[in-house]
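The values are calculated or read from the model by the stated rules, or taken from the named source; none is laboratory data. Here the structure is a predicted model, which is why all the values come from computation and not from measurement. Cβ placement follows ideal geometry from the backbone for every residue including glycine, while neighbour counts extend to all protein chains displayed.
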Amino acid sequence: MENAPEGLSRVLFCSGGSEAVEAALKLARQYWVERGEPSRSRIISRRQSYHGATLGALSVGGNMKRREVYAPLLFNAHFIEPCYEYRLRQPGEDITSYGERAASELETAILELGPENVAAFICEPVVGATLGAVPAAPGYLKKIRAICDHYGILMILDEIMCGVSRTGWHFACAEDGVSPDLITIAKGLGGGFQPVGAVVVSSRVEAALADGSGELKHGFTYMAHPVACAAGLAVQQYIAAHDLTAAARIRGGELRTALLQAFQDHPYIGDVRGRGLFLGLELVADRASKNPFNPAHAVHAKLKQAAIERGLLVYPGGGCIDGTRGDHILLAPALTVSADEVAEIVERLRLAISDVPLAQLAKD
Ligand SMILES: Cc1ncc(COP(=O)(O)O)c(C=O)c1O
């Protein structure tokens, strides 16, 4: 807990990311019931986001492809635009003003729904699979925090992909200077060795339950499973002992510099983005207009295959613009990656990109 943002005092352990999001949503709901405001049940989320595969987590997720089949089973969350500077910042608008404008959408949504009906807002500080490592613009999360505070709404940050040192900070939101009410973490908590997830809970939420019914009305059989917790602890001790948080920042800086050197003038790479060892590349058919490739070409999938053939694993995604159009890849090497391996990653990626006939695919 010593590395948690200010005000976060307790941890609830579970078996993975989706379970953590379910628990966070239910904690938010229970908070309002305990506080005597049972009308607060609406969750505001963002389009082009992913929060997990279980029905509650999928309901607040804005990844259209992952929702599609299950849509009739999902609850009615309210969605605002993501903070996606590369596509949504207007010409002439500086990045801070863009961040403020994007955050102000939350206030519009709250007023539309009625603040007395809104329980929480959830977002990924750095959007992972759906957008390809898109960080919040400077000031965005601070403004979100201020809007949540103004209307008393809980702020949930999903750091399942970007948390636990991946961005070079123990919690990604520390870089944005904000403390949410609830943070979900998973992946890096067990380092891939053990399924484990967690919700980091603020004293505000904890106190509401403690002073109210005194019990959490949610549970899973394997919550706080000792083996999962022991493995999570061992991974965190390793991260601390080898200062992999700083390593993610340093190696991440090197990776970003090398990616920019290799691709910033590449005709089919529109954007290199992300934080720490959590970086993304967006592929475009035309750099100037940012026009995407024809989605029928599934350029992201072709690049994934080419990368595999060059001995490199990338996480591809299609639909970053609107669920259908837009191709990106995500790079998230192990926190233990060496400087030589960083150079190797960029070289293999360069070869893989040159293996895909992008010029030809850009024509139609
Ligand atoms: C941001 C985010 N939230 C939630 C999840 C769901 O986690 P899990 O797959 O462990 O259930 C993921 C998984 O990729 C994720 O990236």
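A single entry from GLU344, GLU282 fulfils the requirement of being over 21 Å from LEU131 (Cβ atoms) and among the acidic types (Asp, Glu): GLU344. One residue is enough: does segment 271-285 have a residue meeting the conditions within 26 Å of GLY168 (Cβ to Cβ), among the basic types (Lys, Arg) and crowded, with 20+ Cβ neighbours inside 10 Å? The answer is yes; a qualifying residue exists.
Conditions (1) away from the ligand (no atom under 14 Å from the Cβ); (2) under 20 Å from LEU157 (Cβ atoms); (3) without any contact (Cβ under 8 Å) to a residue 40 or more places away in the chain; (4) surrounded by 15 or more Cβ atoms within 10 Å (Cβ to Cβ), marked per residue:
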position: LEU73; (1), (2), (3), (4): yes, no, yes, no
position: PHE79; (1), (2), (3), (4): yes, yes, yes, yes
position: CYS83; (1), (2), (3), (4): yes, yes, no, yes
position: SER97; (1), (2), (3), (4): yes, no, yes, no
position: LEU111; (1), (2), (3), (4): yes, no, yes, no
position: GLY132; (1), (2), (3), (4): no, yes, no, yes
position: ALA136; (1), (2), (3), (4): no, yes, no, yes
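Picking from residues in segment 191-204 that are surrounded by 24 or more Cβ atoms within 10 Å (Cβ to Cβ) and within 13 Å of the ligand (Cβ to nearest atom), the one that is nearest to GLN30 (Cα to Cα) is VAL199.
Within segment 99-108, which residues are of a type outside the set (Ser, Thr, Tyr) and either in contact (Cβ under 8 Å) with a residue 24 or more places away in the chain or surrounded by fewer than 18 Cβ atoms within 10 Å (Cβ to Cβ) (or both)?
GLY99, GLU100, ALA102, ALA103, GLU105, LEU106, GLU107, listed by residue number.
Summed over segment 1-46, the residues that are touching a Ser or Thr at 6+ places or on another chain (Cβ under 9 Å) and away from the ligand (no atom under 16 Å from the Cβ) give a count of 14.
In segment 247-276, the residues that are assigned to a loop (DSSP other than H, G, I, E, B) form no Cβ pair under 9 Å with any partner that is surrounded by 19 or more Cβ atoms within 10 Å (Cβ to Cβ) and at pLDDT below 95, whether six or more places apart or across chains.
When the criteria are applied in full, ALA246 meets the requirement of being surrounded by fewer than 14 Cβ atoms within 10 Å (Cβ to Cβ) and within 25 Å of ASN3 (Cα to Cα).
Here is the figure for segment 314-358: residues that are surrounded by fewer than 20 Cβ atoms within 10 Å (Cβ to Cβ) and either in contact with a Cys (Cβ under 8 Å, 6 or more places away or on another chain) or in the same structural domain as GLU68 (by TED's automatic domain parsing) (or both) total 0. In segment 206-216, the count of residues that are away from the ligand (no atom under 16 Å from the Cβ) and in contact with a Phe, Trp or Tyr (Cβ under 8 Å, 6 or more places away or on another chain) is one or more. Going through (1) within 14 Å of ALA129 (Cα to Cα); (2) free of Cβ contacts under 8 Å to residues at least 60 places away in the same chain one by one, HIS328 falls short only on (2).
Whether any residue in segment 142-149 is outside any loop (DSSP other than H, G, I, E, B) and under 11 Å from ARG275 (Cβ atoms) is what I want to check. Scanning segment 142-149, I find no residue that is outside any loop (DSSP other than H, G, I, E, B) and under 11 Å from ARG275 (Cβ atoms), so the answer is no. Checking segment 207-219 against the condition returns no match, with no residue being within 30 Å of GLU34 (Cα to Cα), in contact with a strand residue (DSSP E or B) (Cβ under 7 Å, 6 or more places away or on another chain) and in the same structural domain as ILE122 (by TED's automatic domain parsing).
Taking helices (runs of 4 or more DSSP H) as the structural unit, those lying wholly within segment 58-139 and holding at least 3 residues that are assigned by TED's automatic domain parsing to the domain that holds ALA172 and in contact with a Cys (Cβ under 8 Å, 6 or more places away or on another chain) correspond to 95-113.
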